[in-house]
Amino acid sequence: MRKTLESLSDKLLGVFVAKVDVGAACPPDPYYKHCYCRERSDFRQRCSQNGACKEFCGPCVVFRTCGA
């Protein structure tokens, strides 16, 4: 009985709420990737992705003092 109710509730919920595959989504644009820490400066690069989830990143630039 419980399995029947769960199955019925899943079907009803599927009609009203769209299912989303979380694993298929690309990260939000833009995002930052850490490059390295050198000479007391922390470097990162700004990245984004196109519709096919292909990553595009800019150059590594200083954004803060290391350890700050």
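Structural remarks
- For region 47-65, the criterion of being in contact with a Lys or Arg (Cβ under 6 Å, 6 or more places away or on another chain), surrounded by 10 or more Cβ atoms within 10 Å (Cβ to Cβ), modelled with pLDDT of 80 or more and small (Gly, Ala, Ser) is met by at least one residue.
- Residues being part of a loop (DSSP other than H, G, I, E, B) and surrounded by fewer than 11 Cβ atoms within 10 Å (Cβ to Cβ) - total across region 26-39: 2
- One residue from ASP42, ASP10, ASP21, ASP29 being among the acidic types (Asp, Glu) and at pLDDT 90 or above: ASP42
The values are calculated or read from the model by the stated rules, or taken from the named source; none is laboratory data. Model, not experiment: these values are computed from the prediction. So basically every Cβ, Gly included, is an ideal-geometry build from the backbone, and we count neighbours across all protein chains shown.
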